[in-house]
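So the structure is just underneath, and the comments pick up after that.
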Amino acid sequence: MRLSQYPINTLKETPAEAEILSHQLMLRAGLIRRLAAGLYSWLPFGLRVLHKVEHIIREEMDRAGALELVMPVVQPAELWQESQRWREYGPELLRLKDRHERDFVLGPTHEEVITDIARRELKSYRQLPVNFYQIQTKFRDEVRPRFGVMRAREFIMKDAYSFHLDEASLGATYRVMAETYTRIFTRMGLSFRAVRADSGAIGGDVSQEFHVLAASGEDAIVFSDADDYAANLEAAATLPESAPPAAPREPLRRVSTPGARTIADVAALLGVAPTRCLKTLLVAGERDAVIALVLRGDHELNAVKAQKLPGVASPLRMASAAQVQAVSGTEPGYVGVQDLRCPVYADYAALALADFVCGANEKDLHLSGVNWGRDVPPPTAADLRKVVAGDPSPSGRGRLQLARGIEVGHIFQLGRKYSEPMNARVLDEAGRDVPLLMGCYGIGVTRVVAAAIEQNHDERGIIWPAPIAPFQVILVPLNLAKSARVREVSERLYTELLAAGIEVLCDDRDVRPGVKFADAELLGIPHRVVVAERGLEGGQLEYRQRRETTSREFPLAEALGFIRTRLQT
Ligand code: ATP
Ligand code: MG
C-alpha cells in the first residue's frame, strides 16, 4: 500500500477521550474511530491487524478439529426464556422488538443458539464429541464502556461450544482448547498466562482465563516463577508455614502505646518491624455474632477468603464499635489475640511468629514478647491474607510474582447448564436418552488487538509483534520530489518486495522526513527501510528495527536478501 493514496491522517495530539495508552495509540494511528459510546469502526490499518488475529485463531481452531459456523446476531427471546437468561441476564442484554412486536435480543453470547442447533442436529452419541466455533459480533450493553475496543459494547468474539456424552470427553476437549489457546497467544507473540479462576494448587480444570500481561491490566494476577501456576490475586492460596514458630526468647510485657492505633504507629513507637506485629480484625458473623481474624501486621486481609470461613457473614463487613467493645473490652486499635469472647481465626503467617507485638485489649496499651502456647492458646489456622510477591507458590514449586493482566480468553466447562433446561439430549450407547454435556471457549478478538498494544509500545508509538503487524516493512523514501534517484530506487524496491510477497507500506507522501519517521514509529511497523539521496551515493540503504534506537546501512544491491533475513529474525 502507498501512503500517498491513503486518506486517513495520524493524530499528533493525544485524544482527550482516551484514558489508556492502547486507546490513545489506536486513535492516533488511525486504526479505529468512535461512532458512539462503545461503538467503533475499524479503519483499514486496524482491520489488517484484526484479520491477522482472526487468521491465527481460525488456523488453530481448525487444527484442533473445531468446525466453523456463523450464528445470527439477532436472537429470538424464546430461546433466552427457555434458558432463564431472559430474566437473569440484566441490562447488559439489549432487547428489541420487530415490526410484529416480537421480542429479540442482540446476542451478547451464543449458548442458547448453539444449544438449539445441537438439540436439532445431534441425536446419537455417534455424532459426539463435536466442537463448533464462530468469529462473530457480540453486543453487550456494558455499564461503563471504556478504553476503546478493550471494553466496548459491540465487539468481536471467537466463541466455541463443544458437546459431549460424558465428563471424560468434555475434559479432553477442554484440555485441547487450553493447549490451543496457548498456541494462539504464543503465535501472536504475546506474553500471557493461563489463570485459574479457582484457588487450588491442582485443579483449574473447570474454568481458566487467559490474560495478556500488561501494567495497565484490570486484573491482578499472580504466577509462579518455576511452573505454570497462575491465579487471580484474590483466588491465590497461601501455604501453611513449614516450620513451627521459633522458641520464645522475650518475656511477656505490657507496653504503653498512647494514641497508637495502627500497625504503622505501634511499629514506629516500639521500634519493631510491622512483620513482628499482629493485627486483629473483628468482622460481622452470622446472626449478630462476631469473628476475629488475626493477620501479620504487614499483610492484607483477603475478603474473598474471609467470607468463605464458617460463621463469617458474606459479603464481608466489619463489626460495629459496640460489638468490638463487647468481645474485647476495648476499642478498635487495641484489640489483641487473648481472651476474646468470639471465635478466632489466625492466618498461617500470624501463627508462625514468636515474640510478637499485639493489642492488650486495653486503650493505649499493647503487649510485646507474646508467644503462642506460652501466653495465648493458638487459634484456628486459616488462609486469610492476600498473597504477596515472593510467597511460595501453592503449586509447591517456585515463588509467586505479581502482575497485571487483561483477560483475552476464557474456557469453561458448562456441563448441563443449557442442555438440561433447553432439553438438548442424545441417545447413549445403551439407548438411553441423556442430556448433553457442554463446554464453551471464548476469545475477545478485538480486545486482543488493544491488549497487544498495551503490552507492546513505547513513548513514540505502537510496537507490533510481527505476527499481527498490519505491514511487515515500511519503506521511507526521503525528499522524493527532489530526487529522481530516490524515486526510482524506492519504486523498484517497493515492486520487488511486493512481488516477493512481503507486506510493505510505502510512505511516498511529499512530507518532511521527520513526519515520515514519526508516523512509521506511531504505526509500529516492525521493519523500516529508508531510501535517501545521501546513502544512495555510496549504494547504501538504511535499516532499523522498530524496537531498536539506532539504524544501520546495508547495500542496495542486496536489499531483498537483507530484508528477507531481517523478517526471519
Ligand atoms: P469481562 O470480565 O472482561 O467483562 P467476561 O467474563 O464478561 O469478560 P466472557 O463472557 O468470558 O467475558 O467473554 C469472552 C471474552 O470476550 C473475554 O475473555 C474478553 O476477552 C472478551 N470480552 C468480554 N466483554 C468484552 C467487551 N465488553 N469488549 C471487548 N471484549 C470483551
Ligand atoms: Mg463481562
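The values are calculated or read from the model by the stated rules, or taken from the named source; none is laboratory data. This is a predicted model, so every value here is computed, not measured. Ideal geometry is used to build each Cβ from the backbone, glycine not excepted, and the neighbour counts take in all protein chains shown. For accessibility, only protein heavy atoms count, side chains too; no ligands or nucleic acids. Shrake-Rupley method; radii C 1.70, N 1.55, O 1.52, S 1.80 Å.
Evaluate the range 212-228: report whether one residue or more is at pLDDT 95 or above, open to solvent by less than 30 Å² (accessible area, probe 1.4 Å), within 16 Å of ligand 2 (Cβ to nearest atom) and not in a loop (DSSP other than H, G, I, E, B).
no
For the structure I just gave you, tell me whether Trp80 is open to solvent by less than 30 Å² (accessible area, probe 1.4 Å), without any contact (Cβ under 8 Å) to a residue 60 or more places away in the chain and away from ligand 1 (no atom under 15 Å from the Cβ).
The answer is yes for Trp80.
I need the full set of residues from the range 407-442 which are in a strand (DSSP E or B), open to solvent by 10 Å² or more (accessible area, probe 1.4 Å) and in contact (Cβ under 8 Å) with a residue 12 or more places away in the chain, in order please.
Selection gives Glu407, His410, Phe412, Gln413, Leu414, Gly415, Arg425, Leu427, Val434, Pro435, Cys440, Gly442.
Does at least one position in the range 422-441 carry a residue that is within 16 Å of ligand 2 (Cβ to nearest atom) and of a type outside the set (Ser, Thr, Tyr)?
Scanning the range 422-441, I find at least one residue that is within 16 Å of ligand 2 (Cβ to nearest atom) and of a type outside the set (Ser, Thr, Tyr), so the answer is yes.
Residues checked against (1) open to solvent by 30 Å² or more (accessible area, probe 1.4 Å); (2) of a type in the set (A, V, I, L, M); (3) within 30 Å of Arg196 (Cα to Cα); (4) not in a strand (DSSP E or B):
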| residue | (1), (2), (3), (4) |
| --- | --- |
| Ala322 | yes, yes, no, yes |
| Pro332 | yes, no, no, yes |
| Val335 | no, yes, no, yes |
| Arg341 | yes, no, no, yes |
| Ala346 | no, yes, yes, no |
| Glu362 | yes, no, no, yes |
| His366 | no, no, no, no |
| Arg374 | yes, no, no, yes |
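Going through the range 83-137 one residue at a time, which ones are assigned to a helix (DSSP H, G or I) and of a type in the set (Gly, Ala, Ser)?
Gly90, Ala118
Kindly provide the set of residues from the range 130-156 that are hydroxyl-bearing (Ser, Thr, Tyr) and open to solvent by 30 Å² or more (accessible area, probe 1.4 Å), ordered by number.
Hit for the range 130-156 is Thr137, nothing else.
Just for the range 94-110: of the residues that are free of Cβ contacts under 8 Å to residues at least 60 places away in the same chain and within 16 Å of Ala152 (Cβ to Cβ), which one is nearest to ligand 1 (Cβ to nearest atom)?
Across the range 94-110, the extreme among qualifying residues is Pro108.
In a helix (DSSP H, G or I), open to solvent by 30 Å² or more (accessible area, probe 1.4 Å), closer than 25 Å to Trp42 by Cα and touching a Pro at 6+ places or on another chain (Cβ under 8 Å) - does that describe any residue in the range 175-189? Explain how you work it out, then say what you get.
Our first condition is that a residue be in a helix (DSSP H, G or I); within the range 175-189, this holds for 175-187.
Now drop any that are not open to solvent by 30 Å² or more (accessible area, probe 1.4 Å), which leaves 175-176, 179, 182-183, 186-187.
Of the ones still in play, those that are also closer than 25 Å to Trp42 by Cα are 186-187.
Then keep just the ones that are touching a Pro at 6+ places or on another chain (Cβ under 8 Å); that gives 187.
Within the range 175-189, one or more residues are in a helix (DSSP H, G or I), open to solvent by 30 Å² or more (accessible area, probe 1.4 Å), closer than 25 Å to Trp42 by Cα and touching a Pro at 6+ places or on another chain (Cβ under 8 Å).
Which of the residues that make up the range 148-158 are more than 13 Å from ligand 2 (Cβ to nearest atom) and under 17 Å from the mean Cα position of the chain (by Cα)?
Gly148, Val149, Ile156, Lys158 - these are the residues of the range 148-158 that are more than 13 Å from ligand 2 (Cβ to nearest atom) and under 17 Å from the mean Cα position of the chain (by Cα).
Out of Glu142, Glu111, Glu88, Glu92, which single residue is within 24 Å of Arg175 (Cα to Cα) and within 15 Å of ligand 2 (Cβ to nearest atom)?
Testing whether each residue is within 24 Å of Arg175 (Cα to Cα) and within 15 Å of ligand 2 (Cβ to nearest atom) leaves just Glu111.
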